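The values are calculated or read from the model by the stated rules, or taken from the named source; none is laboratory data. None of the values given here were measured: they were computed from a predicted structure. As a convention, Cβ positions derive from the backbone with ideal geometry for all residues, glycine included, and neighbour counts pool all protein chains shown. To get the accessible areas, we keep the full protein, side chains included, count just its heavy atoms, and leave off ligands, DNA and RNA. Shrake-Rupley method; radii C 1.70, N 1.55, O 1.52, S 1.80 Å.
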Amino acid sequence: MRKSISFVALCLLAALVMASCSSESTGSVGTNSSLEFLIQLTSERIESGQSIYQKDCVSCHGPVNGLAPLKSALVHGDAGHTWHHPDRLLHQWVMDKPPMSSIMPAFRGRLSDEEVMQVLAT
């Protein structure tokens with residue numbers, strides 16, 4: 001009996017972790033929900049984001065879907081880990097730096113909210 005309760009608790013914990021990692025939708029228009037922060041993808045936003053990414057991000061994170069020059073910098077794009085996180089969280093990390101990051105600087109004051117969204121759209 002004790003083993004089955006532990007197994008159920010472990011399954012519930014795994015389901016919660018998986019749900020938190022897969023809660024993002026991309027390319028959609030955002031709603032007023034405080035849980036959503038979806039970035040609308042437009043060609044202008046993507047083009048601007050690519051330019052900002054080249055100027056401020058590529059030296060550490062490497063090209064989108066490419067290899068990161070710094071071992072501690074995660075790859076941006078489908079080949080990396082960033083897609084596991086919701087846009088709202090990624091936006092916060094770019095503005096204020098990720099928790100426990102000793103290398104990535106905060107970009108608050110250097111990039112506007114819109115510029116960060118442009119980068120995340122790339």
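Just one residue in the set 80, 66, 62 is within 12 Å of the chain's Cα centre (by Cα) and small (Gly, Ala, Ser); that residue is 80.
Results for (1) modelled with pLDDT under 95; (2) crowded, with 16+ Cβ neighbours inside 10 Å, shown as yes or no for each residue.
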position: 24; (1), (2): yes, yes
position: 34; (1), (2): yes, no
position: 47; (1), (2): no, no
position: 64; (1), (2): yes, yes
position: 73; (1), (2): yes, yes
position: 82; (1), (2): yes, yes
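Of the residues making up segment 84-114, just one is charged (D, E, K, R) and open to solvent by less than 60 Å² (accessible area, probe 1.4 Å), namely 87.
Annotation note: Cβ proximity below 7 Å between a residue of segment 41-52 that is within 15 Å of residue 87 (Cα to Cα) and in a loop (DSSP other than H, G, I, E, B) and a residue that is among the aliphatic types (A, V, I, L, M) and open to solvent by less than 50 Å² (accessible area, probe 1.4 Å) (sequence gap 6+ or interchain) occurs for 41/121.
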